[in-house]
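Remarks on the structure that follows.
The values are calculated or read from the model by the stated rules, or taken from the named source; none is laboratory data. Everything quoted here is computed from the prediction, not taken from an experiment. Neighbour counts are summed over all protein chains in view; Cβ atoms, including those assigned to glycine, are modelled from backbone coordinates with ideal geometry.
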Amino acid sequence: MRPDPFIFLLQGSRMSNITRSEEETPMSTVSRRHFFGLSAGGILGSTLLPYAASAQGSDYPFKLGVASGDPLPDSVVLWTRIAPDIFRPLPWPVEVQWEIAEDPDFQRISGHGRAVATPEWGHSVHAEPQGLAPGKDYYYRFHALGATSATGRTRTAPAYGAALDRMRFAVCACQNYTRGHYAAYRDMAEQRPDLIIHVGDYIYEHAGSDGVRKMPVPEAVSLADYRAYYAMTKTDPHLQAAHQAAPWMMIWDDHETINDYAGDTSPTMHGPAMHRRRIAAYRAYYENMPLRRDARPLEATGNMTLYRRAVFGDLVQFDLLDTRQYRSPHPCPYEENYEAWASCPADDVARTMLGGRQEDWLARGYGMANARWNMIVQTTQMTPYFWEQEGQQTYRADRWDGYVAARERLYDLIRNRAPANPFLIGGDVHAFMGSAVQNLAGEPVASELVCGAISSSGGGQDRYDRETGYYNGLNKRYFFDNRQNGYALCDVSPSHIATQLRAVENYTDPASPVTTLKALTYENGALGFA
């Protein structure tokens with residue numbers, strides 16, 4: 001029996017409250033008459049033939065690739081979207097077959113099934129094969145409209161509590177499609193990680209005007225717009241390769257919806273219009289990510305339960321947090337460049353980054369697996385950063401610096417629970433960062449790693465000089481660099497985490513070399529890197 005409270009604990013199962021869509025319905029439960037009657041006059045059956053094209057044809061339905069995610073010891077999510085034309089969705093449902101095997105030639109089949117990809121859910125498929133072996137590589141593919149998808153590799157989690165002597169995972173964020181190319185993902189796929197963790201900004205909702213690539217519309221506002229942004233992003237071959245290389249675990253930040261938003265407010269939009277935009281963005285996010293069906297947006301509210309927990313043997317517990325959906329609005333209106341004066345109060349105990357329900361969920365389960373490393377995965381930098389501007393101390397209100405009391409509650413939980421090797425992972429700030437964090441009393445709390453940006457701009461030398469000047473005054477060991485793009489690659493063992501900060505030489509070049517900018521070693525029993 002799967003120990004769900006530890007392995008993969010959501011905010012309570014909602015399946016009993018969900019009306020199952022055709023996207024989720026196995027074909028074995030759908031009669032042939034009902035299936036062909038899903039579109040008027042049985043049109044579905046007669047329109048399958050024109051799309052039975054070869055894998056290289058213009059009507060190839062798997063242009064957006066394949067992916068897997070949220071691995072359990074006996075299961076994993078398999079994802080694809082049917083898109084012969086990536087910007088003009090088919091108006092009818094499509095039957096999709098999936099299979100998963102122990103070998104890339106599919107001679108040892110471990111599971112197979114059928115689903116119906118519907119227009120209502122962007123023709124996405126979220127298959128969840130069961131009964132797989134723990135800690136094992138598998139290969140999967142899809143069939144639809146006479147074509148076969150690329151083959152993806154995935155891997156189940158080890159059995160709960162099983163002795164594990166190594167694990168490799170990558171952490172990535174901030175992949176602005178128009179600003180640069182994805183050489184980092186090419187390198188990531190070549191490193192063959194067991195798991196890839198994305199901590200937000202998979203798309204950017206505004207295309208901008210000075211990038212190296214284009215989006216189909218200037219800004220994503222509607223569901224159709226967000227779908228188009230994901231579709232354009234997912235055509236990138238290096239991103240597809242990274243999805244095919246390993247299972248992913250995903251959380252969002254702000255740009256999947258709108259810059260610097262908090263719940264139903266943002267610096268530029270609020271009220272019913274903002275609520276409608278957020279709901280459209282959440283639906284598109286679910287449609288395009290390898291997420292379990294428990295994460296599907298609720299029909300009544302459009303809200304999603306994205307925070308979750310995963311345990312890999314006795315080695316690592318991951319707690320993935322949603323820092324956008326439930327957070328309080330920023331402490332005061334933004335000044336120029338989205339900066340706030342320190343006189344603007346950020347320590348109100350009533351304000352939250354995670355919301356009370358998510359905080360309670362984290363408190364119930366954090367460290368409960370007794371893993372060697374206990375990793376809280378969230379979206380941004382925890383280490384404070386302040387600077388002088390026009391004679392006043394200034395901070396970024398959208399970071400944890402704008403939610404001081406909420407950060408202290410999180411730190412109190414970590415210190416009171418005192419699990420082995422507390423470790424904080426983040427992104428958002430378009431810079432690599434390694435350090436140890438302290439609470440307001442100056443007491444050590446946890447190690448920190450911020451992964452850098454795949455292709456988003458880091459701010460250049462001026463920012464580097466200003467921030468390093470501040471960190472030098474903290475009198476602690478740190479590493480910071482915003483001048484290069486890339487991701488973090490972590491090799492975990494019981495004794496240490498060997499982290500490579502993998503840097504792209506030129507993020508506007510898809511063929512750019514990728515090298516190790518800095519190697520950081522986090523030792524068992526110590527906070528910060530050695």
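Which number in (1) part of a loop (DSSP other than H, G, I, E, B); (2) among the aliphatic types (A, V, I, L, M); (3) touching a residue at least 24 places away in the same chain (Cβ under 8 Å) marks the one condition that LEU413 misses?
(1)
Any idea which of (1) in a helix (DSSP H, G or I); (2) in contact with a Gly (Cβ under 8 Å, 6 or more places away or on another chain) is the one ARG141 doesn't satisfy?
(1)
How many residues does the range 451-508 hold that are of a type in the set (S, T, N, Q), in a loop (DSSP other than H, G, I, E, B), more than 17 Å from GLN175 (Cα to Cα) and touching a Ser or Thr at 6+ places or on another chain (Cβ under 6 Å)?
0
Pick from ASP319, ASP264: which is acidic (Asp, Glu), touching a helix residue (DSSP H, G or I) at 6+ places or on another chain (Cβ under 8 Å) and within 30 Å of TRP373 (Cβ to Cβ)? Break it down stepwise before answering.
Details: ASP264 fails: within 30 Å of TRP373 (Cβ to Cβ).
After ruling out the rest, the residue left standing is ASP319.
With the condition being closer than 24 Å to GLU523 by Cα and in contact with a strand residue (DSSP E or B) (Cβ under 8 Å, 6 or more places away or on another chain), I'd like the strands (runs of 3 or more DSSP E) fully within the range 308-408 carrying at least 3 qualifying residues.
Counting at least 3 such residues, we get 308-312, 316-320, 373-377.
Residues GLY367, GLY313, GLY391: which one is at positive phi and at pLDDT below 95?
GLY391
Does ASN475 satisfy being free of Cβ contacts under 8 Å to residues at least 60 places away in the same chain and crowded, with 20+ Cβ neighbours inside 10 Å?
No; evaluated as a whole, the condition is false for this residue.
On the given criteria, is GLY391 within 23 Å of the chain's Cα centre (by Cα) and free of Cβ contacts under 8 Å to residues at least 60 places away in the same chain?
On the way: within 23 Å of the chain's Cα centre (by Cα): no; free of Cβ contacts under 8 Å to residues at least 60 places away in the same chain: yes.
When the stated conditions are applied, GLY391 does not pass them.
Return the residues of the range 208-235 that are among the small types (Gly, Ala, Ser) and either out of contact with any Pro (no Cβ under 7 Å at 6 or more places or on another chain) or not assigned by TED's automatic domain parsing to the domain that holds TYR286 (or both); say none if nothing qualifies.
Quick first cut of the range 208-235, residues among the small types (Gly, Ala, Ser) only: 208-209, 211, 220, 222, 224, 228, 231.
Within the range 208-235, GLY208, SER209, GLY211, ALA220, SER222, ALA224, ALA231 qualify.
If ALA530 satisfies all but one of (1) of a type in the set (A, V, I, L, M, F, W, C); (2) closer than 24 Å to PRO384 by Cβ; (3) in the same structural domain as MET368 (by TED's automatic domain parsing), what's the number of the condition it fails?
(3) is the only condition that ALA530 fails.
For the range 181-192, state whether one or more residues are in contact with a strand residue (DSSP E or B) (Cβ under 7 Å, 6 or more places away or on another chain), part of a strand (DSSP E or B), crowded, with 24+ Cβ neighbours inside 10 Å and not charged (D, E, K, R).
So far as the range 181-192 goes, no, none of its residues is in contact with a strand residue (DSSP E or B) (Cβ under 7 Å, 6 or more places away or on another chain), part of a strand (DSSP E or B), crowded, with 24+ Cβ neighbours inside 10 Å and not charged (D, E, K, R).
Which count do you get for residues in the range 122-137 that are closer than 18 Å to ALA147 by Cα and part of a loop (DSSP other than H, G, I, E, B)?
1
What's the total number of residues in the range 208-235 that are part of a loop (DSSP other than H, G, I, E, B) and surrounded by 21 or more Cβ atoms within 10 Å (Cβ to Cβ)?
Going through the range 208-235 one residue at a time, the tally reaches 2.
Across the range 71-102, which residue is farthest from HIS243 (Cα to Cα) among those that are touching a residue at least 60 places away in the same chain (Cβ under 8 Å) and aromatic (Phe, Trp, Tyr)?
The qualifying residue farthest from HIS243 (Cα to Cα) is PHE87.
Which one is surrounded by the most Cβ atoms within 10 Å (Cβ to Cβ), of the residues in the range 303-325 that are under 17 Å from the mean Cα position of the chain (by Cα) and among the aromatic types (Phe, Trp, Tyr)?
Going through the qualifying residues, I end up with TYR307.
Just to check your reading of the model, which residue among THR148, THR178, THR118, THR154 is at pLDDT 95 or above, β-branched (Val, Ile, Thr) and within 17 Å of the chain's Cα centre (by Cα)?
Working: THR148 fails: within 17 Å of the chain's Cα centre (by Cα); THR178 fails: within 17 Å of the chain's Cα centre (by Cα); THR118 fails: within 17 Å of the chain's Cα centre (by Cα).
Selected residue: THR154, the only one of THR148, THR178, THR118, THR154 that is at pLDDT 95 or above, β-branched (Val, Ile, Thr) and within 17 Å of the chain's Cα centre (by Cα).
I'd like to know if the range 450-458 contains one or more residues that are among the β-branched types (Val, Ile, Thr), more than 23 Å from ALA371 (Cβ to Cβ) and either modelled with pLDDT under 95 or surrounded by fewer than 20 Cβ atoms within 10 Å (Cβ to Cβ) (or both).
Within the range 450-458, none of the residues are among the β-branched types (Val, Ile, Thr), more than 23 Å from ALA371 (Cβ to Cβ) and either modelled with pLDDT under 95 or surrounded by fewer than 20 Cβ atoms within 10 Å (Cβ to Cβ) (or both).
Tally up the residues in the range 432-450 that are part of a loop (DSSP other than H, G, I, E, B) and touching a strand residue (DSSP E or B) at 6+ places or on another chain (Cβ under 6 Å), please.
The number of residues fulfilling the criteria is 1.
Output the residue which, of all residues in the range 434-449 that are farther than 21 Å from THR468 by Cβ and in contact (Cβ under 8 Å) with a residue 60 or more places away in the chain, is surrounded by the fewest Cβ atoms within 10 Å (Cβ to Cβ).
Filtering first and then ranking leaves PRO444.
In the range 93-121, which residues are crowded, with 18+ Cβ neighbours inside 10 Å and in a loop (DSSP other than H, G, I, E, B)?
PRO93, THR118
In the range 240-260, how many residues are touching a helix residue (DSSP H, G or I) at 6+ places or on another chain (Cβ under 7 Å) and surrounded by 24 or more Cβ atoms within 10 Å (Cβ to Cβ)?
The total comes to 4.
Kindly indicate whether any position in the range 274-281 is crowded, with 21+ Cβ neighbours inside 10 Å, at pLDDT 95 or above, of a type in the set (D, E, K, R) and under 26 Å from VAL171 (Cβ atoms).
Yes, because at least one residue in the range 274-281 is crowded, with 21+ Cβ neighbours inside 10 Å, at pLDDT 95 or above, of a type in the set (D, E, K, R) and under 26 Å from VAL171 (Cβ atoms).
Kindly indicate whether any position in the range 253-260 is in a strand (DSSP E or B), within 28 Å of LEU489 (Cα to Cα), in the same structural domain as ARG407 (by TED's automatic domain parsing) and not small (Gly, Ala, Ser).
Scanning the range 253-260 turns up no residue that is in a strand (DSSP E or B), within 28 Å of LEU489 (Cα to Cα), in the same structural domain as ARG407 (by TED's automatic domain parsing) and not small (Gly, Ala, Ser).
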